[in-house]
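Have a look at the structure below before the remarks.
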Amino acid sequence: MDRIRLVGGNELNGEILISGAKNAALPLMISSLLTHEPLVLENVPRLADVKQLERILENHGVDIAVHGRRRGEAEGGGQRMTFHAKDIVDTTAPYDLVSKMRASFWVIGPLLAREHNARVSLPGGCAIGTRPVDLFLYGLKALGADIDIDEGYVVAKAPKGGLVGTTITFPKVSVGATHTILMAATLAKGTTIIENAAREPEIGNVAECLVAMGAKISGIGTERLVIEGVSELHGATHEVLPDRIETGTYAMATAMAGGNVLLRGARAEHLQAALDTLSGSGVHITNEDNGIRVYRNGNGIQPVDVETQPFPGFPTDLQAQFMALMTMSTGTSHIRETIFENRYMHVAELARFGADISVDGQVATVHGKPQLKGAQVMATDLRASVSLVIAGLAARGETIVNRVYHLDRGFERLEEKLSRCGAEIERLAS
Ligand code: EPU
């Protein structure tokens with residue numbers, strides 16, 4: 001397995017081009033199952049999770065093509081890809097494919113809506129928590145689906161004539177369940193209202209794509225989505241929005257290492273809570289026409305308390321990175337993780353750098369230290385892994401991050417982006 005070697009201490013200066021968002025690209029790709037016409041997606045990031053979902057979609061019969069660069073397109077920009085689900089040849093999503101990536105479970109929505117049946121492996125638990133699917137099943141049943149669990153698979157059948165719109169009030173905000181019911185409802189008969197919908201920008205990006213495909217959706221960006229079902233959707237061309245988690249990660253990396261970096265293409269309104277938190281810790285953040293500038297001139301990082309929340313709150317996907325930053329603050333900060341019950345695996349790894357963190361239930365208490373020291377560490381999940389990289393950027397001496405395949409799931413050309421800004425970082429091939 002590849003490893004990443006870093007030597008800390010260099011400031012970051014320059015520009016980082018923000019890639020398309022993984023968590024929008026995945027559901028957008030899944031939306032292609034809703035129509036027999038081609039869906040063209042622009043700015044798709046080159047990530048292991050995208051590749052994995054390609055395999056799953058191909059198994060359902062989707063033809064996938066990657067197109068070359070166009071005139072005027074930025075070097076290192078995202079991919080333009082076509083997804084063509086002319087015929088769905090298989091409505092089963094098998095265990096060996098689904099178990100590798102939880103978001104692949106979301107195919108159940110479009111398969112059920114278009115083909116009226118689906119057999120999708122339960123995704124199972126994962127490193128950051130149990131992550132059940134009860135909300136998905138609740139929503140699909142409300143649309144009239146008959147659901148059975150059989151040998152680890154969810155076997156879903158739509159009523160004769162297809163799914164039927166209704167009002168669904170989620171007892172808890174779920175990104176995946178909102179995506180899935182939204183996609184399914186586009187082809188249901190009548191009107192579906194989703195109350196307490198997730199409001200993450202990726203949901204809005206998917207909803208806008210569905211509208212471009214002929215869906216009738218109102219309330220985009222709010223917690224109440226209204227979907228008037230149509231009999232079929234058509235092809236469209238749609239752009240994946242910039243990755244707010246990648247943006248926040250590099251903002252925290254710059255805060256940690258010091259320096260001045262323009263995060264090109266980033267959109268502040270997609271991560272305002274995280275930017276406000278960073279400003280509170282003494283980092284300078286300015287909005288520019290072409291992105292967000294992050295600047296720290298060697299002053300100390302102030303401790304700030306944060307609590308993760310669904311959008312527009314502070315994202316759980318930036319909790320580990322923020323904790324890395326707080327390990328070098330001038331005091332004590334408290335971090336409360338409210339979304340996932342087991343998202344503190346990075347704590348033990350950050351301790352290897354000399355960080356002083358204790359966890360009590362949902363709350364981590366971080367006592368800042370003037371200087372971390374480089375260490376051998378192990379990546380445990382995607383966002384935890386990158387927190388180790390950014391800790392290594394500020395630590396004295398050498399850091400080796402093992403098991404970097406987690407990083408490749410969600411960060412495109414990480415070493416290249418950081419080393420262009422002055423970091424000493426390289427990949428050691430296995
Ligand atoms: N939940 C349930 N029942 C369900 C579904 C969810 O109890 O049926 C719970 C979860 O266990 C969790 C909470 O609801 O405690 C929120 O989970 P959500 O469904 O919103 O998460 P998700 O859709 O599985 C997406 C992102 C995650 C991100 C979360 C929260 C994608 C592909 N994944 O996951 O991203 O952390 O929303 O914002 O969009 C990552 O990119 O590293 C990542 C984990």
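A few comments on the model shown:
- Relative packing of peptides 44-50, 308-314 - highest average C-beta neighbours within 10 Å first: 44-50, 308-314
- Between the range 33-71 and the range 367-430, the Cα center-to-center distance that results, in Å: 29
- Every Cα-Cα pair in the range 358-404 was counted, and those over 16 Å apart are 48% of them.
- Convex hull projection area averaged over all views, the range 144-231, Cα basis, nm²: 5.8
- For residue 417, a cut-off of 25 angstrom between C-alpha atoms picks up these lysines, skipping any fewer than 8 places away in its own chain: 22, 51, 373.
- In degrees, nearest ten, helix 201-212 long axis to first principal axis of the chain (Cα): 30
- If R0 equals 45 Å, the separation of the Cβ atoms of residue 359 and residue 232 corresponds to a calculated FRET efficiency of about 0.35.
- For the range 1-49, alpha-carbon Rg and Dmax in angstrom: 16.9, 53
- Nearby aspartates and glutamates by direct alpha-carbon distance to residue 100 (threshold 15 angstrom, same-chain neighbours under 8 apart not counted): 49, 54, 381, 408
- Stokes-Einstein translational diffusion, the range 212-335 - Kirkwood Rh over all Cα pairs, 1.567 mPa s, 4 °C, in µm²/s: 80
- Dimensionless Rg over Rh [the range 39-99; C-alpha; Kirkwood]: 1.04
- Over the range 80-178, the alpha carbon radius of gyration divided by the compact-protein estimate 2.2 N^0.38 Å works out to 1.08.
- Helix axis angle, 382-394 relative to the chain longest principal axis, alpha carbon, degrees: 20
- Sequence ranges 207-215, 75-83, ranked by mean other-Cβ count within 10 angstrom, highest first: 207-215, 75-83
- Where the alpha-carbon atoms of the range 381-430 are placed on the principal axes, they occupy 25, 22, 19 Å, in descending order.
- Orientation-averaged projection of the range 14-159 equals 10.2 nm² [convex hull of Cα atoms, one quarter of hull surface area].
- Spatial offset of the range 164-239 relative to the range 244-291 amounts to 30 Å, using the alpha carbon center of each.
- Residues whose placed amide H lies under 5 Å from that of residue 235, excluding near-sequence neighbours: 37
- For residue 341, residues with placed amide H under 5 Å, excluding near neighbours: 130
- Placing one equal scatterer on every Cα of the range 208-281 and applying the Debye formula, the log10 ratio I(q)/I(0) at q = 0.16, 0.17 Å⁻¹ is -0.73, -0.77.
- Derived from the Cα gyration tensor, the three semi-axes of the equivalent ellipsoid of the range 61-126 are 29, 17, 9 Å, largest first.
- About the centre of its Cα atoms, the range 97-235 shows a dipole size close to 40 debye [charges on the beta carbon of Lys, Arg (+1) and Asp, Glu (-1) only; nearest 20 debye].
- Quarter of the Cα convex hull surface for the range 167-207, i.e. its orientation-mean projected area (nm²): 2.6
- Cα-based helix-to-principal-axis angle, 175-185 vs the chain, degrees rounded to 10: 20
- DSSP beta bridge pairing in the chain, given as percent antiparallel to the nearest 5: 70
- Amide proton proximity set for residue 381, modelled H, under 5 Å, gap of 5+: none
- Stokes-Einstein diffusion coefficient of the range 244-287, Kirkwood radius over Cα pairs, 4 °C, 1.567 mPa s, in µm²/s: 125
- Couplings for the range 239-256, taken from phi via the Karplus curve 6.51 cos²θ - 1.76 cosθ + 1.60 with θ = phi - 60°, read 9, 6, 6, x, 7, 6, 6, 4, 4, x, 5, 6, 5, 6, 4, 5, 4, 6 Hz in order; Gly and Pro are left as x.
- Pairs of lysine residues in the range 108-195 - Cα separation under 16 Å, sequence separation of 8 or more or cross-chain: 5
- Using the alpha-carbon positions of the chain, Rg (one decimal) and Dmax (whole number) come out as 21.6, 66 Å.
We did not get these values from a lab; they are worked out from the coordinates using the rules stated. All values derive from a computational prediction rather than experimental measurement. Virtual Cβ from ideal backbone geometry, glycine too; neighbours counted across all protein chains shown.
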